1. Among Asp13, Asp18, which is assigned to a helix (DSSP H, G or I), closer than 27 Å to Leu78 by Cα and modelled with pLDDT under 70?
2. What's the total number of residues in segment 43-63 that are exposed (fewer than 15 other Cβ atoms within 10 Å of the Cβ), in a loop (DSSP other than H, G, I, E, B) and either modelled with pLDDT under 95 or in contact with a Leu (Cβ under 7 Å, 6 or more places away or on another chain) (or both)?
3. Could you please find all residues in segment 64-99 being hydroxyl-bearing (Ser, Thr, Tyr) and surrounded by 10 or more Cβ atoms within 10 Å (Cβ to Cβ)?
4. Can you name the number of the only condition in (1) touching a Lys or Arg at 6+ places or on another chain (Cβ under 9 Å); (2) part of a helix (DSSP H, G or I) that Phe70 fails?
5. Any chance you could count how many residues in segment 54-67 are of a type in the set (A, V, I, L, M) and under 16 Å from Arg25 (Cα atoms)?
Amino acid sequence: MLADIMLECVNEDIEKADNLIHEARLRKVLSKVYDAVSWSYIAKAYFGKSRSWLNQRLNSFIVNGKEAQFTPEELKQLQKALLDLSGDIKNTALELGVH
């Protein structure tokens, strides 16, 4: 019984550590483009949510007593948004026709 309680605590700690690693990785990856991206636009156009909703997840804010996190589906949607925007930017640059 004590071993079960200890194992549960260890598993919770491992899950927390995994979440911290994931959050740090997300912040590091996004730091490359963070200032250049309109997060308000992404929040509205891709999630139908407010900028603050997206900001809560980007920065792991505590909301209603829990750390706000992206679901796996939301991370896929964020990836899609960034890929869409990168394609739009590339195509726009090419349309300038500069040689």
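1. Selected residue: Asp18, the only one of Asp13, Asp18 that is assigned to a helix (DSSP H, G or I), closer than 27 Å to Leu78 by Cα and modelled with pLDDT under 70.
2. So the answer is 2.
3. Start the filter on segment 64-99 by keeping residues that are hydroxyl-bearing (Ser, Thr, Tyr), which leaves 71, 86, 92.
Scanning segment 64-99 gives a single hit, Ser86.
4. The number of the failed condition is (2).
5. Kept after step one, since they are of a type in the set (A, V, I, L, M), are these residues of segment 54-67: 54, 58, 62-63.
Checking which are under 16 Å from Arg25 (Cα atoms) leaves us with 58.
The number of residues fulfilling the criteria is 1.
The values are calculated or read from the model by the stated rules, or taken from the named source; none is laboratory data. If you're wondering where the values come from, they're calculated on a predicted model, not measured in any experiment. Cβ coordinates were reconstructed from backbone atoms using ideal geometry, including for glycine residues, and neighbour counts include every protein chain displayed.
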